[in-house]
Amino acid sequence: MNKVVLIGRLTKDPELKYTPGSGTAVTTITLAVDRRFSKDNQREADFIPVVIWGKSAESTAQYMAKGRLMGVSGRIQTRSYEAKDGGRRYVTEVVAEEVQFLEWGNSNNRTQDNNSGYSGNDNNQGYGASFDDMTPIDDGDIPF
C-alpha cells in the first residue's frame with residue numbers, strides 16, 4: 001500500500017503548467033510539514049514536493065498562495081532523469097489524489113478566508129461554497 005496524508009503550509013505560490021499536446025494542467029507545490037518537537041523543543045519541518053494534476057491543479061493555482069494551510073492525500077512516487085550536465089537526478093515526490101484547502105481566498109485579492117474549505121479531486125469542478133452563503137434550516141422542518 002502506498003498512501004500518504006499531509007497537512008502543511010505552502011512554501012511559495014503554486015506553479016501551474018500545461019502538458020504539451022494534451023494540455024493537461026499540472027501544478028507543483030512544496031508543503032512545509034511540521035514534525036514533532038525535537039529533543040531540545042525546537043520546531044522542525046520537512047519540505048515535501050507535491051504534484052497535482054487536472055482540475056485540482058487549476059483550483060490550487062487559483063486559490064492557494066504562499067503560507068496558506070493545505071491538506072493533501074496521495075501516493076509517494078520516485079523517478080529519475082538525466083540532467084543537462086549529464087548526471088542522473090533522482091526525485092521523490094507526492095502525487096496528489098485529493099487536495100483540501102484549509103485556508104483559501106480568491107486569486108484576485110489573495111485574502112484569507114478561514115470560514116470554508118475546498119476538498120477536491122479530478123471528479124469535481126473545484127468550486128467551494130462559503131458557510132456565509134448557506135441558508136440555515138430549522139430542524140423542525142426535517143421529516144425524520
Test: residue in the range 62-76 that is β-branched (Val, Ile, Thr), modelled with pLDDT of 95 or more and either under 22 Å from Leu31 (Cβ atoms) or surrounded by 10 or more Cβ atoms within 10 Å (Cβ to Cβ) (or both): yes
Unmet requirement for Tyr90, which otherwise passes all of (1) closer than 17 Å to Phe101 by Cβ; (2) surrounded by fewer than 16 Cβ atoms within 10 Å (Cβ to Cβ): (1)
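Condition check ((1) without any contact (Cβ under 8 Å) to a residue 24 or more places away in the chain; (2) within 14 Å of Val99 (Cβ to Cβ)) across all residues:
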site	(1), (2)
Leu10	no, yes
Thr19	yes, no
Ser22	yes, no
Val26	no, yes
Leu31	no, yes
Phe47	no, no
Gly54	no, yes
Residue in the range 39-55 that is surrounded by the fewest Cβ atoms within 10 Å (Cβ to Cβ), counting only those that are of a type in the set (Lys, Arg) and part of a loop (DSSP other than H, G, I, E, B): Lys39
Matching residues, the range 2-34, being assigned to a loop (DSSP other than H, G, I, E, B), out of contact with any helix residue (DSSP H, G or I) (no Cβ under 7 Å at 6 or more places or on another chain), at pLDDT 95 or above and not hydroxyl-bearing (Ser, Thr, Tyr): Asn2, Lys3, Lys12, Asp13
Sole residue being of a type in the set (Asp, Glu), farther than 18 Å from Leu102 by Cβ and loosely packed, with under 15 Cβ neighbours inside 10 Å, chosen from Glu58, Glu15: Glu15
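The values are calculated or read from the model by the stated rules, or taken from the named source; none is laboratory data. Keep in mind that this is a model prediction, so the values were computed, not measured. Every residue, glycine as well, gets a Cβ built from its backbone with ideal geometry; the counts of neighbours run over all protein chains shown.
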